[in-house]
């Protein structure tokens, strides 16, 4: 298991952080998604930390990192702020942002802001949709809307009383069929189980969904863009960006790759056939190879 350091940020948030590799090497900041932790990236960090400084936090609300009560503390601006504050606290002036799932959704924003101030050099996104592309799909694409109905469940407070008593462990293992995955290390699963059973962690994790501005219509609502719809005010990325996508993802469909070139000027897409949503550990060799080629370029 990784050794974590406690890093206190000026905003009062404290994060547990896995910081490995040469301190003077180019920096990579890895952002995990739901319902995992910094260990999402264990295979990539083991592969890269002889050449790069690899920094992987348990993000706000996860693991033993700070868990503030209230949905308002999990808005995207605050979460993005944590990343830049962490880099500053660790003395990092420039870095490559790497993200998966919710961490990838956050990485799109980190990249957009970071390129403007000259802090973020490159972006690596793994099975995480661009916010503008994803929102259009939720309005227009029946398959993606159907695949995303779980987000409405996670936002529904009707389950909070049960979660407050028992945590999210049962729901997650049922929804994601976690224990049927033969490639999942039992030691890793034991750590996740412990975190999923903690009520405070469970509610904090769900607050990422509840604070998001993404609209998820019901299946009964009309398909098509609402009248007067305009895309989110998201700047196009000019920094080199690698998108690695497991085409077997049942929650985030490969249609999220269509039209990405309209939002990313320097785009590399690597499709990994038969890999599912959790591609960093489902297909680590493919992800490592794609990152090697991208980072070398």
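The values are calculated or read from the model by the stated rules, or taken from the named source; none is laboratory data. Bear in mind that the values here come from a model prediction, so they are computed numbers and not experimental data. Neighbour counts are summed over all protein chains in view; Cβ atoms, including those assigned to glycine, are modelled from backbone coordinates with ideal geometry.
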Does the range 45-62 hold any residues that are in contact with a helix residue (DSSP H, G or I) (Cβ under 6 Å, 6 or more places away or on another chain) and either assigned to a helix (DSSP H, G or I) or surrounded by fewer than 22 Cβ atoms within 10 Å (Cβ to Cβ) (or both), and which are they?
-> 47
Do we find that residue 124 is modelled with pLDDT of 95 or more, in contact with a strand residue (DSSP E or B) (Cβ under 8 Å, 6 or more places away or on another chain) and either within 17 Å of residue 236 (Cβ to Cβ) or surrounded by fewer than 14 Cβ atoms within 10 Å (Cβ to Cβ) (or both) in this structure?
-> no
Residue check: is residue 287 outside any loop (DSSP other than H, G, I, E, B), closer than 24 Å to residue 110 by Cβ and at pLDDT 95 or above?
-> yes
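Per-residue answers, yes or no, for (1) within 16 Å of residue 277 (Cβ to Cβ); (2) free of Cβ contacts under 8 Å to residues at least 40 places away in the same chain:
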{"site": "129", "(1), (2)": "yes, no"}
{"site": "134", "(1), (2)": "yes, no"}
{"site": "152", "(1), (2)": "no, no"}
{"site": "164", "(1), (2)": "no, yes"}
Give me the pairs, please: first residue somewhere in the range 235-264 and free of Cβ contacts under 8 Å to residues at least 12 places away in the same chain, second residue anywhere and assigned to a strand (DSSP E or B) and surrounded by fewer than 18 Cβ atoms within 10 Å (Cβ to Cβ), beta-carbon distance under 7 Å, and either six or more positions apart or on two chains.
-> 261/267
Among 267, 260, 253, which is touching a helix residue (DSSP H, G or I) at 6+ places or on another chain (Cβ under 6 Å) and either closer than 16 Å to residue 108 by Cα or crowded, with 21+ Cβ neighbours inside 10 Å (or both)?
-> 267
Hits in the range 81-107 - residues which are farther than 19 Å from residue 36 by Cβ and in a helix (DSSP H, G or I) | 81, 84, 85, 87, 88, 89
What do you reckon, is residue 190 surrounded by fewer than 15 Cβ atoms within 10 Å (Cβ to Cβ) and within 30 Å of residue 69 (Cα to Cα)?
-> yes
Report whether or not residue 3 is touching a strand residue (DSSP E or B) at 6+ places or on another chain (Cβ under 8 Å), touching a residue at least 12 places away in the same chain (Cβ under 8 Å) and either under 22 Å from residue 194 (Cα atoms) or part of a helix (DSSP H, G or I) (or both).
-> yes
Got at least one residue in the range 45-52 being in contact (Cβ under 8 Å) with a residue 60 or more places away in the chain and touching a strand residue (DSSP E or B) at 6+ places or on another chain (Cβ under 9 Å)?
-> yes
Which one is surrounded by the fewest Cβ atoms within 10 Å (Cβ to Cβ) among residues in the range 81-111 that are out of contact with any strand residue (DSSP E or B) (no Cβ under 6 Å at 6 or more places or on another chain) and within 15 Å of residue 130 (Cα to Cα)?
-> 109
Only one of 41, 18 that is free of Cβ contacts under 8 Å to residues at least 40 places away in the same chain, closer than 21 Å to residue 284 by Cβ, in contact with a strand residue (DSSP E or B) (Cβ under 9 Å, 6 or more places away or on another chain) and not in a loop (DSSP other than H, G, I, E, B) = 18
Checking residue 215 against (1) modelled with pLDDT under 90; (2) more than 19 Å from residue 103 (Cβ to Cβ); (3) within 19 Å of the chain's Cα centre (by Cα), which test does it fail?
-> (1)
Residue list for the range 24-38, restricted to those being in a loop (DSSP other than H, G, I, E, B) and free of Cβ contacts under 8 Å to residues at least 60 places away in the same chain | 24, 25
All but one of (1) over 27 Å from residue 154 (Cα atoms); (2) part of a helix (DSSP H, G or I); (3) touching a helix residue (DSSP H, G or I) at 6+ places or on another chain (Cβ under 9 Å) hold for residue 110, so report the exception by its number.
-> (1)
